[in-house]
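Chemist: Take this structure, written in structure tokens, and hold onto it; I'll ask about it next.
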Amino acid sequence: MAESERQPPPDSSEETTPAAQNFIIPKKEIHTVPDMGKWKRSQAYADYIGFILTLNEGVKGKKLTFEYKVSEAIEKLVALLNTLDRWIDETPPVDQPSRFGNKAYRTWYAKLDEEAENLVATVVPTHLAAAVPEVAVYLKESVGNSTRIDYGTGHEAAFAAFLCCLCKIGVLRVDDQIAIVFKVFNRYLEVMRKLQKTYRMEPAGSQGVWGLDDFQFLPFIWGSSQLIDHPHLEPRHFVDEKAVNENHKDYMFLECILFITEMKTGPFAEHSNQLWNISAVPSWSKVNQGLIRMYKAECLEKFPVIQHFKFGSLLPIQPVTSC
């Protein structure tokens, strides 16, 4: 039997048999600030944050170069991301005034919009084909906005939601946890950085110097977890160029710092003040806990971010059902 067609192990997050479930096209449900209460009480919020924290625990103390299991589903997801990467090469930027996001991004996005369901169908086994249109929405939401040519933590959250949905229908399993972060999410980051550079995408709703990072948040959470109990790398070392250059291939957090220093000029304390402050925290476990709190407050509890989140049968707006 193929890896992807084996019965999934019992999993507390799987309350329904996916094949018997009525899948629906996800849609926006948070229209006004008072609606945020619905989001925080929803099954979607509980499942999403549970997924983030489970992965956070899974990668604790592990290098990116650590040996882990790579299932067929993980390989297929990487192939999907490789396709998105190839499309960037096939869609060069157009000539235009340079201070705006490049309009070629819209051409690239139109291709994804058209092909998203076909791409997702390469990852989802045929007996779960009914889930494809629902899951594909999160993929389309995860790469930025084609009208504004911007990208931010709401788009990143859509990609995490995409992966969470694949777990809920049993395509990704418990033993895929490390590969989800190290292989799939890491490849996603590479593709997003290439998009940002190639089409000069604007940060979506960036708080500028007072935000953590213009584009990403999750790799700082999972990346700080990787560094917990590291024998010699401490939070103060991530502002040291030598430490970053020597260790960025092993740690997602340092890879993010390297990207920031490549993209921004001037003193680190000025262009990335929040991160500079975090470098003074005494331990990685404290950094990790603080970033989780900050992620909830600055991303998941902010209306401008969550108003774009979409809810379906896999990540429902309905309140959490108590066991």
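Chemist: Against the definition (in a loop (DSSP other than H, G, I, E, B), modelled with pLDDT of 95 or more and of a type in the set (Val, Ile, Thr)), how does ILE52 come out, yes or no?
Modeler: When the stated conditions are applied, ILE52 does not pass them.
Chemist: Looking at (1) touching a residue at least 60 places away in the same chain (Cβ under 8 Å); (2) over 16 Å from the mean Cα position of the chain (by Cα); (3) open to solvent by less than 10 Å² (accessible area, probe 1.4 Å), which is the one condition that is false for ILE257?
Modeler: Going through (1) touching a residue at least 60 places away in the same chain (Cβ under 8 Å); (2) over 16 Å from the mean Cα position of the chain (by Cα); (3) open to solvent by less than 10 Å² (accessible area, probe 1.4 Å) one by one, ILE257 breaks only (1).
Chemist: State which residue is least open to solvent (accessible area, probe 1.4 Å) when the search covers only segment 131-143 and only residues that are within 16 Å of TYR48 (Cβ to Cβ) and among the charged types (D, E, K, R).
Modeler: This residue is GLU134.
Chemist: What pairs come up if the first residue lies in segment 48-59 and is touching a residue at least 12 places away in the same chain (Cβ under 8 Å) and open to solvent by 20 Å² or more (accessible area, probe 1.4 Å), the second is hydroxyl-bearing (Ser, Thr, Tyr) and part of a helix (DSSP H, G or I), and their beta carbons are under 8 Å apart, counting only those six or more places apart or on different chains?
Modeler: Hits for this filter: GLU57/SER225.
Chemist: Here is a check on your reading of the model: is VAL174 open to solvent by 30 Å² or more (accessible area, probe 1.4 Å), of a type in the set (A, V, I, L, M, F, W, C) and within 21 Å of GLN274 (Cα to Cα)? I'd like the intermediate steps shown before the answer.
Modeler: Numbers: open to solvent by 30 Å² or more (accessible area, probe 1.4 Å): yes; of a type in the set (A, V, I, L, M, F, W, C): yes; within 21 Å of GLN274 (Cα to Cα): no.
Against the criterion (open to solvent by 30 Å² or more (accessible area, probe 1.4 Å), of a type in the set (A, V, I, L, M, F, W, C) and within 21 Å of GLN274 (Cα to Cα)), VAL174 does not qualify.
Chemist: Continuing with the same structure: Residue check, ILE30 against (1) of a type in the set (Val, Ile, Thr); (2) out of contact with any strand residue (DSSP E or B) (no Cβ under 9 Å at 6 or more places or on another chain); (3) in contact (Cβ under 8 Å) with a residue 60 or more places away in the chain, all met but one. Which one?
Modeler: Of (1) of a type in the set (Val, Ile, Thr); (2) out of contact with any strand residue (DSSP E or B) (no Cβ under 9 Å at 6 or more places or on another chain); (3) in contact (Cβ under 8 Å) with a residue 60 or more places away in the chain, only one is false for ILE30: (2).
Chemist: Scanning segment 181-224 for residues that are farther than 18 Å from VAL143 by Cβ and at pLDDT 95 or above, which turns out surrounded by the most Cβ atoms within 10 Å (Cβ to Cβ)?
Modeler: Once the filter is applied, the top-ranked residue is SER224.
Chemist: Limited to segment 28-49, what total is found for residues that are in a helix (DSSP H, G or I) and either among the acidic types (Asp, Glu) or over 29 Å from VAL174 (Cα atoms) (or both)? Write out each step before concluding.
Modeler: Our first condition is that a residue be in a helix (DSSP H, G or I); within segment 28-49, this holds for 33-41, 43-49.
Those still in the list that are either among the acidic types (Asp, Glu) or over 29 Å from VAL174 (Cα atoms) (or both) too: 33-37, 47.
Going through segment 28-49 one residue at a time, the tally reaches 6.
Chemist: Then there's this: Considering each residue of segment 269-290, count those that are within 22 Å of the chain's Cα centre (by Cα) and open to solvent by less than 40 Å² (accessible area, probe 1.4 Å), and give that number.
Modeler: Residues flagged as within 22 Å of the chain's Cα centre (by Cα) and open to solvent by less than 40 Å² (accessible area, probe 1.4 Å) within segment 269-290 amount to 7.
Chemist: Also, quick follow-up: Tally up the residues in segment 144-171 that are closer than 20 Å to THR198 by Cα, in contact with a Pro (Cβ under 9 Å, 6 or more places away or on another chain) and either of a type outside the set (Asp, Glu) or open to solvent by 30 Å² or more (accessible area, probe 1.4 Å) (or both), please.
Modeler: Total satisfying the criteria: 2.
Chemist: Which count do you get for residues in segment 68-91 that are open to solvent by 80 Å² or more (accessible area, probe 1.4 Å), more than 19 Å from LEU172 (Cβ to Cβ) and not basic (Lys, Arg)?
Modeler: 2
The values are calculated or read from the model by the stated rules, or taken from the named source; none is laboratory data. Computed from a predicted model, the values in this text were never measured in an experiment. When we count neighbours, we look across all protein chains shown, and the Cβ atoms used for this are built from the backbone with ideal geometry, even at glycine. When the accessible area is computed, the model is the full protein with side chains, heavy atoms only, and any ligands, DNA or RNA have been set aside. Shrake-Rupley method; radii C 1.70, N 1.55, O 1.52, S 1.80 Å.
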